[in-house]
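Just so you know, all these numbers are worked out from the coordinates, no wet-lab data involved. On a predicted model such as this, the values are computed, not experimentally measured, just so you know. Every residue, glycine among them, receives a Cβ derived from its backbone with ideal geometry; neighbour counts consider all protein chains shown.
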Amino acid sequence: MNTHSNERPFVCPRPGCRKAFKVNKHLEYHLRLHDKPDSFACDIDGCEKHFATPSSLRMHRLLEHGRPGDESPAEQQLRAANQTVADTLDKSRTQLAEVQAAVKAATAESRQQKEVAKMREQLMEALQNEHSLLADALAGSGGDAGSATDGSDGSSLMSSGVDAALA
């Protein structure tokens, strides 16, 4: 047998055809294509593909049209294993999308909580400043609680401190 050499002793006898083959069976398939070009044609409606060998046609049917009736037991096992992997992959993709949505929601909630905490911090700081101002005002007025204004326009120190915190 010459399959491992570069020799191609089986030459097509047709005029104008210069094809040569290492194996006689391949020359036989080739000659069938000369005699009957559609001898290895796909018989699925709408498919007009032709093949040089029956094994190429079988692989085409399997891969393109998925005809389980033409499959060997090994091919059926491979198809079943492939389907199992595809189903597992689909399930994993769904789970990943759910986890990503949960992470996105948790991240948004965390950002919102940080914003609320920052606003509360600012409010607390403003209240502490206001408390300090009120304590200073009370200490300077001799304990008179009714004089908690800054004295210029009559506005309350309490409202000005909170307004500043909220601004």
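General observations
- Prolate/oblate/rounded call for the stretch 59-137, Cα gyration tensor, a/c under 1.5 rounded: prolate
- Here the stretch 8-100 is assigned +1 on the Cβ of each Lys and Arg and -1 on the Cβ of each Asp and Glu. Its dipole about the Cα centre then comes out at about 740 debye.
- In summary, the lysines within cross-link reach of Lys25, defined as a Cα separation below 26 angstrom excluding same-chain residues under 8 places away, comprise Lys36, Lys49.
- The residue among Cys42, Gly16, Gly66 whose Cα reaches farthest toward the positive pole of the charge dipole of the stretch 5-110, with charges on the beta-carbon of Lys, Arg, Asp and Glu, is Gly16.
- For the stretch 22-46 versus the stretch 70-111, the spacing of their alpha-carbon centroids is 41 Å.
- Couplings 3J(HN,Hα) for the stretch 87-100, derived from phi with the Karplus relation 6.51 cos²θ - 1.76 cosθ + 1.60 (θ = phi - 60°), are 5, 5, 4, 4, 4, 5, 4, 4, 4, 4, 4, 5, 5, 4 Hz, where x marks Gly and Pro.
- Reach of Lys114 by Cα under 30 Å, taken over lysines that are not fewer than 8 positions away in the same chain: Lys104
- Trypsin sites (Lys or Arg not before Pro) within the stretch 1-30, DSSP loop, no more than 11 other Cβ atoms inside 10 Å: Arg18
- Near Lys49, the amide H atoms lying under 5 Å from its own belong to Cys42; only residues 5 or more places off or on other chains count, and H is placed 1.01 Å from N.
- Across the stretch 113-129, rounded Karplus estimates of 3J(HN,Hα) from the backbone phi angles (6.51 cos²θ - 1.76 cosθ + 1.60, θ = phi - 60°) give 5, 5, 5, 5, 4, 5, 5, 5, 4, 5, 5, 4, 4, 5, 5, 5, 4 Hz, Gly and Pro being marked x.
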